[in-house]
1. Please specify each residue of segment 125-170 satisfying the condition of being basic (Lys, Arg) and out of contact with any Gly (no Cβ under 9 Å at 6 or more places or on another chain).
2. Any chance you could count how many residues in segment 145-162 are without any contact (Cβ under 8 Å) to a residue 40 or more places away in the chain and within 15 Å of the chain's Cα centre (by Cα)?
3. Evaluate the following for Asp103: is it modelled with pLDDT of 95 or more, among the acidic types (Asp, Glu) and either out of contact with any Lys or Arg (no Cβ under 6 Å at 6 or more places or on another chain) or closer than 20 Å to Asn181 by Cα (or both)?
4. Residue check, Ser124 against (1) of a type in the set (Gly, Ala, Ser); (2) at pLDDT 95 or above; (3) more than 14 Å from the chain's Cα centre (by Cα), all met but one. Which one?
5. Please tell me if Gly51 is of a type outside the set (A, V, I, L, M, F, W, C) and touching a strand residue (DSSP E or B) at 6+ places or on another chain (Cβ under 9 Å).
Amino acid sequence: MKDAIKFLVGFLFLTFVDLPLYLIYKLLFLSNIKCFTSISEFISLFPGYIGYFIRKGFYFLTINSGRNFDVGFGTILQYPSIRIGNDVYMGQNCNIAKCSIRDGVKIGSSVHIVNKRTHSINDSGDIMPTNIKDLERVRIGDKSWIGNCAVVLADVGRNCVIGAGSVVVKPIPDNCVAAGNPAKVIRERSYTN
């Protein structure tokens, strides 16, 4: 019964809230990335179950996301090119840029997954604007766990744990626990399915 009610409420939000937002994004703004980010910022502000259903429906319509994808209050997805697997959880107040997040990943609150080479500097020393198409995609492997307040600038392998407050600047191999600034592998993780 509980699942049926949850499905019905989700369907109503999808139909009467998310579909109009999706049409604004697709038809009026022609899938403009800035419009996507603006809508993401707007829907991040709705708390509780209302926000849960609004975010779930809008991202279902706009990004490549799997089933059971939960996005916490205040979390902003910056680009529609983000890829999200099944059974992914993102805590509150996260900032997610161009990335691929695989199945079963858990992301704590206030985590930032951003691209290492966002800006370049020309010969005159001026900072050049970001070309989103040229951004490298950060990859987070299956069943990894990113602790609160971590900053992820490089790939994280499968079955990894990234400590709270860590800054990942170099790729972390599969089955590792990494922590610190910059994050370093502190031990291997024995993992069984």
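1. Residues satisfying the conditions are Lys133, Arg137, Lys170.
2. Qualifying residue count, segment 145-162: 5.
3. Judged against the criteria, Asp103 is a match.
4. Against the list (1) of a type in the set (Gly, Ala, Ser); (2) at pLDDT 95 or above; (3) more than 14 Å from the chain's Cα centre (by Cα), Ser124 comes up short only on (2).
5. yes
The values are calculated or read from the model by the stated rules, or taken from the named source; none is laboratory data. These numbers come from a predicted model, not from an experiment. Positions of Cβ are generated from backbone atoms using ideal geometry, with glycine treated the same way; all protein chains shown enter the neighbour counts.
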